[in-house]
Amino acid sequence: MARLEALAGITETPGSLTRRFLTPAHASAMEQVAAWMREAGMSVRIDAMANVIGRLEGETPGAPAILIGSHIDTVIDAGKYDGNLGVIAGIEAADALAAEGARLRHAVEVVAFGDEEGVRFPSHLLSSRSLTGTVRGKELEACDADGVSVKAALAALGHAADGLKQCARKEREIAAYLEVHIEQGPVLQAKGQPLAAVTAINGAARMRVRVTGMAGHAGTVPMALRQDALAAAAQMVLEIERIGRKGGNRLVATVGRLEVRPSAPNVVPGEVLFTVDVRSPVDAVRRGAQERIAGALEKVAAERCVTLTAETYYEMAATAMDRRIVATVLEAIGAVGAEPLSLASGAGHDAMAIAQRWPAAMMFVRCKDGISHNPAESITREDADIAVRALIEAVRRLDRSL
Ligand code: HGY
Ligand code: MN
Ligand code: MN
């Protein structure tokens, strides 16, 4: 818990936690995590996509690894536990296994990914996907709001982006992936239980929308003659919410970021940029909603004589976790005396990327009132403790069964 507090102090914004991919704060957090991995007896390397990877050899050096990971990048004004808990829990588990001199058949690796939230660049899961070899070079051209590309940001931290290829792991190097993560929902608290195995992760898509109207003088342009980009965008946002609501518990749709230009009190807004985040456990439901949203945006644009561009820059299919690994996580939860519950995940995770190549599963940890992506995010020491003990149990079982 002290390490999570310390990690939360490494931020772009003193007084709150914001740590975006490839910022100096991310680089400092990487160094701190690397130091803790070394203290746990792991050898540590940082790859060309700024993944921090600690390794504890098994009985025979060079054996396939049980990979434990999560992310150390955060959203804006974030909580302390989203992502960071999974990395610290992995280090604690490796430390305990090393301390008892456990001679496992597998190596244990712990990885701290840096681009899970996708907040700085219009990218998605670049660091975890770089292990699976599915990141294409042109994705590193994506630029942040200041026009800095992923490639330039990597170079600024001393990583040659052409090292992308070296990040990909060979199939046989990894035997399984486990991720410990806060639930970011209210179910475990409602059930009075600390842990759950995750069976599947909702599919998600993210769009960037640009609404272009006509900037004008707020005092002189008659209402009937306006092409007000913000009024149009506001109607679009409510349409998106209406479509999301119609999907019941199988759909969520969110406009999380909206920028008005030129954003002056006496200027009719000429341009608005906003994002749309659509998710569902069923891909056909999500894709249907994306189509309905696209249609609704076009309709409002036509009625209001504004122009529209909408680009989907992120799309991940709903991802089932590996049944055998899920079963092992459930056994491990039972072994530490908690009720072996199963939950689906509404939030996205690095496990979606890793599951494309290797058997993967996740373990949720109760968080207070289900609050996340919010500085009020919190867990108890007892739940962190039982989570690490369950993680160690799962690693032992996987070591024998894989
Ligand atoms: O957006 C998500 O689901 C994750 O927190 N990046
Ligand atoms: Mn997360
Ligand atoms: Mn998150």
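The values are calculated or read from the model by the stated rules, or taken from the named source; none is laboratory data. Since the structure is predicted, the reported quantities are computational estimates derived from the model, not experimental observations. Counting neighbours? That spans all protein chains shown, and the Cβs are built from the backbone with ideal geometry, glycine included. The accessibility values were calculated without ligands, DNA or RNA, using every heavy atom of the protein model including side chains. Shrake-Rupley method; radii C 1.70, N 1.55, O 1.52, S 1.80 Å.
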>> Out of all Cα-Cα pairs in region 62-143, roughly what percent, to the nearest whole number, are more than 18 Å apart?
In response: 52 percent
> Hull surface divided by four, with the convex hull built on the Cα atoms of region 169-219: how many nm²?
Replying inline: 9.5 nm²
>> As a test of the definition: which semi-axes, in Å, follow for region 274-343 when you take the square root of five times each eigenvalue of its alpha carbon gyration tensor? Largest first, please.
In response: 43, 11, 10
>> Taking 2.2 N^0.38 Å as the expected size of a compact globular protein, what ratio does the Cα radius of gyration of the chain give against it, to two decimals?
In response: 1.04
> Can you work out ³J(HN,Hα) from phi for every residue in region 362-375, in order, using Karplus 6.51 cos²θ - 1.76 cosθ + 1.60 and θ = phi - 60°, giving whole Hz and x for Gly and Pro?
Replying inline: 10, 10, 8, 10, 3, 10, 4, 6, x, 6, 8, 6, 6, x
> So what's the angle, to the nearest 10 degrees on a 0 to 90 scale, between helix 283-303 and the longest Cα principal axis of the chain?
Replying inline: 20 degrees
> Cα convex hull of region 117-228: mean projected area in nm², to one decimal?
Replying inline: 13.4 nm²
> So for region 194-291, taking the charge dipole from beta-carbon charges (+1 Lys/Arg, -1 Asp/Glu), which of Gln235, Leu258, Ala289 sits furthest toward the positive end?
Replying inline: Ala289
> Measuring from centroid to centroid over Cα atoms, what is the spacing of region 36-109 and region 202-269 in Å?
Replying inline: 43 Å
>> As a test, work out the antiparallel percent of DSSP beta bridges whose residues both lie in the chain, rounded to the nearest 5.
In response: 65 percent
> Rounded to whole Å and sorted largest first, what semi-axes of the equivalent ellipsoid does the C-alpha gyration tensor of region 329-402 yield via the square root of 5 times each eigenvalue?
Replying inline: 22, 18, 10
>> Just to confirm the number: angle between the C-alpha axis of helix 84-99 and the first principal axis of the chain, 0 to 90 degrees, nearest 10?
In response: 10 degrees
>> Over the Cα atoms of region 83-126, what radius of gyration and what Dmax do you get, in Å?
In response: 14.3, 44
>> I'd like the distance between the alpha-carbon centres of region 125-192 and region 370-402, rounded to an integer number of Å.
In response: 21 Å
>> If Rh is defined by the Kirkwood formula over all Cα pairs and Rg also comes from Cα, what ratio Rg/Rh do you get for region 237-356?
In response: 1.13
> What are the extents of the Cα atoms of region 1-126 along their three principal axes, listed from largest to smallest and rounded to whole Å?
Replying inline: 43, 30, 18
> In whole angstrom, and with the biggest value first, how far do the Cα coordinates of region 363-402 range along each principal axis?
Replying inline: 39, 18, 12
> So what is the calculated 222 nm ellipticity per residue for the chain, using -39500 (n - 2.57) for each DSSP H run with n of 4 or more, over all residues, to the nearest 500 deg cm²/dmol?
Replying inline: -10500 deg cm²/dmol
> Looking at region 55-128, which trypsin sites (Lys or Arg not before Pro) are in a loop (DSSP not H, G, I, E or B) and have at most 13 other Cβ atoms within 10 Å?
Replying inline: Arg103
> When N counts the residues of region 175-326, how does its alpha-carbon radius of gyration compare numerically with 2.2 N^0.38 Å, as a ratio?
Replying inline: 1.34
> So how many Lys-Lys pairs in the chain land under 20 Å Cα to Cα, not counting same-chain pairs under 8 apart?
Replying inline: 6
> DSSP loop trypsin sites (Lys or Arg not before Pro) in region 244-323 with at most 15 other Cβ atoms within 10 Å of their Cβ, which ones?
Replying inline: Arg257
> Long-range amide H contacts for Ala107: which residues qualify at under 5 Å (H placed 1.01 Å from N, peptide plane, sequence gap of 5 or more or a different chain)?
Replying inline: Gly58, Ala63, Ala65, Ile66
> If Met1, Met30 are ordered by their accessible area, calculated over protein heavy atoms with a 1.4 Å probe, which sequence runs from highest to lowest?
Replying inline: Met1, Met30
> Can you give the angle from 0 to 90° between the axis of helix 229-246 and the longest principal axis of the chain, with both taken from C-alpha atoms, to the nearest 10?
Replying inline: 50 degrees
> Using θ = phi - 60° and the Karplus curve 6.51 cos²θ - 1.76 cosθ + 1.60, what whole-Hz ³J(HN,Hα) does each residue of region 35-40 get, with Gly and Pro shown as x?
Replying inline: 5, 5, 5, 5, 4, 7
